[in-house]
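See below for the structure under consideration.
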Amino acid sequence: MSKNIALIPVREGSERVKDKNFKDFYQGSSLLDVKINQLKKTGVFDSIYVSSDSNLAKEVAHGHGVEFLLREERMCQADVPWSAVVEHIMDTIPGDPTVTWALTTAPMFERFEEALKAFEENKDKHDSLVGVLPTKSFFLNEHGRGINFNPGKWHPYSQQLDTYYEVTGSVYVGKKSDMKNWGYWFGVNPLLFPVKNLECVDVDTPDDFSIAQKLYEAKQ
């Protein structure tokens with residue numbers, strides 16, 4: 001059975017950006033095409049799987065020579081708890097490989113080989129890996145009160161702030177059986193894998209899609 005696999009979860013329907021995963025993103029390639037090509041380029045995965053209930057996603061997967069995992073239609077609906085979706089997807093994966101989640105909505109991230117290596121080197125101390133954006137920012141609550149600092153005469157310099165880590169959609173790594181038990185991408189003791197601002201661009205709205213297009217084109 002495969003030891004290291006990459007998983008691309010795809011829904012055909014999109015609530016904010018119509019046909020987000022399949023429309024032209026860069027020179028005739030969709031977000032799904034881009035993510036598959038990024039994963040194939042690494043050469044570190046025994047198998048690459050596209051998980052969806054969509055025949056279009058199946059066609060794209062087979063067109064790239066990667067495998068397709070049929071997901072129940074119900075498990076592609078937005079009102080289903082994410083834990084149930086994760087458990088279902090894990091049940092469709094053969095064996096008990098290390099699973100690297102690769103989301104189409106993060107087209108600027110492609111350091112999957114580096115993330116997988118980091119997980120392998122630290123799995124005796126961490127149960128999973130999650131891509132995070134480190135930040136030292138000043139946060140206020142809804143009442144205008146400081147969450148991580150004291151405003152006024154006690155205002156610190158940003159370098160004196162504790163570092164916060166924003167979870168991004170760039171990459172998640174863990175054992176299939178663990179992810180099924182958690183019903184989630186990562187466990188209680190994840191390795192925090194720092195990503196850069198550019199790498200954690202998330203395509204969720206039409207504006208996000210346009211911005212990501214321009215950034216991706218400039219990067220190429």
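The values are calculated or read from the model by the stated rules, or taken from the named source; none is laboratory data. Predicted model, so just to flag it, every value in this text is computed and none were measured. A quick note on method: Cβ atoms are made from the backbone with ideal geometry, for glycine too, and the neighbour counts reach across all protein chains shown. Please note that ligands, DNA and RNA were not included when accessible areas were found on the heavy atoms of the full protein model with its side chains. Shrake-Rupley method; radii C 1.70, N 1.55, O 1.52, S 1.80 Å.
Rg and Dmax, both from the Cα atoms of segment 24-135 and both in Å, are 14.9, 43. Val167 exposes around 80 Å² of accessible area when a 1.4 Å probe is run over every protein chain in place.
The alpha carbons of segment 80-173 stretch over 59, 34, 28 Å along the principal axes, in descending order.
Starting from the exponent 0.38 and prefactor 2.2 Å, build the expected Rg for segment 157-196 from its residue count and divide its actual Cα Rg by it.
On the way: Rg = 13.4 Å, N = 40, 2.2 N^0.38 = 8.9 Å.
Against the compact-globule rule of thumb, the ratio is 1.50.
For the pair segment 87-146 and segment 160-218, the centres of their Cα atoms are 5 angstrom apart.
Given +1 on the Cβ of Lys and Arg, -1 on the Cβ of Asp and Glu, and no further charges, what dipole in debye does segment 134-220 carry about its Cα centre, rounded to the nearest 20? Please list the in-between numbers first.
Working: 9 positive and 10 negative charges, 67 e Å.
Computed about the Cα centre, the dipole is about 320 debye.
Note on surface exposure: Arg11, Arg74, Arg145, Arg111 rank Arg145, Arg74, Arg11, Arg111 by accessible area, highest first, 1.4 Å probe.
Rounded to the nearest 0.05, the FRET efficiency derived from the C-beta distance between Asn141 and Asp204 at R0 = 25 Å is 0.55.
At 1.4 Å probe size, put Phe209, Phe68 in order of accessible surface, largest to smallest. If you can, show how the numbers build up before the last one.
On the way: Phe209 10, Phe68 40 Å².
Output order, biggest surface exposure first: Phe68, Phe209.
With the cut-off at under 13 Å, measuring from each backbone N in segment 152-186 to a point 7 Å along the Cα-to-Cβ line of Asp96 picks out 175-181. Estimated at 0.36 nm per residue, the fully extended path between Leu192 and Val44 surpasses their Cα-Cα distance by 51.2 nm.
Most simply put, the chain has about 40% antiparallel DSSP beta bridges, counting only bridges with both residues inside it. The heavy atoms of Phe186 offer some 40 square angstrom of accessible surface to a 1.4 angstrom probe.
How large is the helix-only mean residue ellipticity at 222 nm for the chain, computed as the sum of -39500 (n - 2.57) over DSSP H runs with n ≥ 4, divided by its residue count, in deg cm²/dmol to the nearest 500? Could you put the intermediate results ahead of the total?
Values: 6 runs with 64 residues, N = 220.
Taken over the chain, the calculation gives -8500 deg cm²/dmol.
Computed extension gain for Leu56 through Asn37, at 0.36 nm per residue and net of the alpha carbon distance, reaches 5.1 nm. When the label point is put 7 Å from the Cα of Tyr26 along its Cα-to-beta-carbon vector, which residues of segment 74-111 have a backbone N closer than 15 Å? Under cut-off, by backbone N: 103-111.
Among the listed pairs Lys58/Lys196; Lys3/Lys125; Lys35/Lys136; Lys3/Lys196; Lys41/Lys175, a Cα-Cα separation exceeding 25 Å is found for Lys58/Lys196; Lys35/Lys136; Lys3/Lys196.
Computed with every protein chain present, the accessible area of Ser177 is close to 40 Å² [probe 1.4 Å].
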